[in-house]
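Quick notes on the structure that follows.
The values are calculated or read from the model by the stated rules, or taken from the named source; none is laboratory data. The shown structure was predicted, so the numbers you read here are calculated from the model rather than taken from an experiment. Note: ideal-geometry Cβ built from the backbone for every residue, glycine included; neighbour counts use all protein chains shown.
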Amino acid sequence: MASTAAAMLAEANRWVGYKEGRSNHTDFGEWYAKLVKDSSFAYAAWCDEFISYCAYASGNADVIGEYAYCPSHVNFFRNRGEWHGPNEAVQPGDIIFFSWDGGPVADHVGVARGAAAPGQPVPTIEGNTSSGESGSQSNGDGVYQRSRARSTILGFGRPAYSGTATSPTTQPAYAPPPFPRGLRPNSAVPSARSLQRALKATRWMDKSVTESDSYGPLTQRAVAGFNAKHRLNDTGVSYDPAIGPKGWALLFTLAYG
């Protein structure tokens with residue numbers, strides 16, 4: 001099958017109106033669970049499993065990728081030089097990533113079903129969303145056509161579909177943000193929220209944890225695990241809940257680089 005935007009959209013359109021089963025069970029989750037040999041994915045949040053399945057079924061897996069976790073999928077396009085900012089012109093078949101709170105971590109994903117001029121709303125097809133604004137936008141019950149404001153969009157990937165003139169651009173090397181002053185266990189500073197988002201993006205902290213300015217026990221536990229994994233503990237310390245400049249730079253590079 002040809003690797004084209006038209007094939008991707010034809011497959012996505014075929015599923016419009018599909019509804020999930022009990023406990024988030026979907027055909028897309030079943031497929032992904034077999035792909036990664038982990039049955040839990042059959043009941044996982046499935047917006048990215050839907051996009052990945054459509055890529056697979058339409059012969060586009062090589063240019064779109066196969067993911068279940070949106071931040072990892074974002075990095076796929078970043079690393080290929082195919083990432084675009086939220087207010088750029090959109091083409092049909094672009095893979096649109098959303099951040100509902102305006103933060104740097106993708107919460108949801110869909111595929112553009114039409115073109116959109118810079119700054120204009122983007123028409124999409126999305127899985128695991130709701131048919132309107134009253135329901136959950138990233139944990140809904142089915143596959144729907146939507147139109148999304150640019151304020152909700154983190155950015156988008158433009159797959160190198162066959163027959164397109166798109167060529168990868170060179171991305172500058174990722175530079176983590178400077179280490180913030182005053183960030184330490186049991187402190188209350190705004191930078192704690194950025195730390196928590198990066199911990200979530202790297203799966204050291206559960207996404208259900210409420211972000212706050214508090215560098216409290218949950219943040220400390222996640223940092224301690226990260227430090228131990230990457231051998232960043234202070235000498236002779238087995239449990240180190242403090243993030244330092246070296247750990248901060250590594251964490252943010254792994255999360256967003």
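Pairs only if they're at least six apart or on different chains, beta carbon under 6 angstrom, first in region 177-202 and in a loop (DSSP other than H, G, I, E, B), second hydroxyl-bearing (Ser, Thr, Tyr); list them, first residue then second.
Within 6 Å, the pairs are PRO180/SER191; LEU183/SER191; PRO185/TYR215; SER187/TYR215.
Could you count how many residues in region 83-104 are assigned to a strand (DSSP E or B) and without any contact (Cβ under 8 Å) to a residue 60 or more places away in the chain? It would help to see each step written out before you state the result.
Pass one, region 83-104, residues assigned to a strand (DSSP E or B): 83-84, 90, 95-98.
Those still in the list that are without any contact (Cβ under 8 Å) to a residue 60 or more places away in the chain too: 98.
The qualifying residues number 1.
Looking at region 1-24, which of its residues are more than 18 Å from ILE125 (Cβ to Cβ) and within 20 Å of the chain's Cα centre (by Cα)?
The one that is more than 18 Å from ILE125 (Cβ to Cβ) and within 20 Å of the chain's Cα centre (by Cα): ASN24.
Of everything in region 43-56 that's in contact (Cβ under 8 Å) with a residue 40 or more places away in the chain and part of a loop (DSSP other than H, G, I, E, B), which residue is surrounded by the most Cβ atoms within 10 Å (Cβ to Cβ)?
My answer is TRP46.
Identify, from the list GLY17, GLY59, the residue that is closer than 16 Å to GLY110 by Cβ, in contact (Cβ under 8 Å) with a residue 40 or more places away in the chain and surrounded by fewer than 19 Cβ atoms within 10 Å (Cβ to Cβ).
Values: GLY59 fails: closer than 16 Å to GLY110 by Cβ.
Being closer than 16 Å to GLY110 by Cβ, in contact (Cβ under 8 Å) with a residue 40 or more places away in the chain and surrounded by fewer than 19 Cβ atoms within 10 Å (Cβ to Cβ) holds for just one of GLY17, GLY59, which is GLY17.
Taking VAL63 and the conditions (1) modelled with pLDDT of 95 or more; (2) in contact with a Gly (Cβ under 9 Å, 6 or more places away or on another chain), which numbered condition does it fall short on, given that it satisfies the others?
Condition (2) is where VAL63 drops out.
Would you mind finding the one in ALA249, ALA242, ALA224 that is touching a Pro at 6+ places or on another chain (Cβ under 6 Å) and assigned to a loop (DSSP other than H, G, I, E, B)? Working first, answer last.
Working: ALA249 fails: assigned to a loop (DSSP other than H, G, I, E, B); ALA224 fails: assigned to a loop (DSSP other than H, G, I, E, B).
That would be ALA242, the only listed residue that is touching a Pro at 6+ places or on another chain (Cβ under 6 Å) and assigned to a loop (DSSP other than H, G, I, E, B).
Do you know which of the residues in region 114-137 that are among the aliphatic types (A, V, I, L, M) and part of a loop (DSSP other than H, G, I, E, B) is surrounded by the fewest Cβ atoms within 10 Å (Cβ to Cβ)? Break it down into steps so the answer makes sense when it comes.
If we filter region 114-137 for residues that are among the aliphatic types (A, V, I, L, M), which is where we start, we get 115-117, 122, 125.
If we keep only those that are part of a loop (DSSP other than H, G, I, E, B) too, we end up with 115, 117.
Details: ALA115: 14, ALA117: 10.
This residue is ALA117.
Does any residue of region 147-165 turn out to be buried (at least 16 other Cβ atoms within 10 Å of the Cβ), out of contact with any Gly (no Cβ under 8 Å at 6 or more places or on another chain), part of a helix (DSSP H, G or I) and modelled with pLDDT under 90?
no
To keep it simple, each residue is scored yes or no on (1) in a loop (DSSP other than H, G, I, E, B); (2) touching a His at 6+ places or on another chain (Cβ under 6 Å); (3) farther than 17 Å from ALA112 by Cβ.
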position: LEU9; (1), (2), (3): no, no, no
position: VAL16; (1), (2), (3): yes, no, no
position: SER23; (1), (2), (3): no, no, yes
position: PHE28; (1), (2), (3): no, no, yes
position: TYR32; (1), (2), (3): no, no, yes
position: LEU35; (1), (2), (3): no, no, yes
position: PHE41; (1), (2), (3): no, no, yes
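Quick check, is VAL111 part of a strand (DSSP E or B) and buried (at least 17 other Cβ atoms within 10 Å of the Cβ)?
Values: part of a strand (DSSP E or B): yes; buried (at least 17 other Cβ atoms within 10 Å of the Cβ): yes.
Considered against the rule, which asks whether it is part of a strand (DSSP E or B) and buried (at least 17 other Cβ atoms within 10 Å of the Cβ), VAL111 comes out as yes.
Please determine, by comparing only the residues of region 62-71 that are under 16 Å from ALA5 (Cβ atoms) and either small (Gly, Ala, Ser) or touching a residue at least 60 places away in the same chain (Cβ under 8 Å) (or both), which one is surrounded by the fewest Cβ atoms within 10 Å (Cβ to Cβ).
Going residue by residue through region 62-71, those that are under 16 Å from ALA5 (Cβ atoms) are 62-65.
Filter once more, keeping what is either small (Gly, Ala, Ser) or touching a residue at least 60 places away in the same chain (Cβ under 8 Å) (or both): 63-65.
Details: VAL63: 23, ILE64: 25, GLY65: 21.
Filtering region 62-71 for residues that are under 16 Å from ALA5 (Cβ atoms) and either small (Gly, Ala, Ser) or touching a residue at least 60 places away in the same chain (Cβ under 8 Å) (or both), the one surrounded by the fewest Cβ atoms within 10 Å (Cβ to Cβ) comes out as GLY65.
Among the residues of region 201-238, write down those that are over 22 Å from TRP100 (Cα atoms), among the charged types (D, E, K, R) and modelled with pLDDT under 95.
Listed by number, the residues that qualify are LYS229, ARG231, ASP234.
Look at VAL74 and say whether it is within 27 Å of THR253 (Cα to Cα), in contact with a Pro (Cβ under 8 Å, 6 or more places away or on another chain) and crowded, with 18+ Cβ neighbours inside 10 Å. Spell out how you get there, then give the answer.
Numbers: within 27 Å of THR253 (Cα to Cα): yes; in contact with a Pro (Cβ under 8 Å, 6 or more places away or on another chain): no; crowded, with 18+ Cβ neighbours inside 10 Å: yes.
No: the conditions fail for VAL74.
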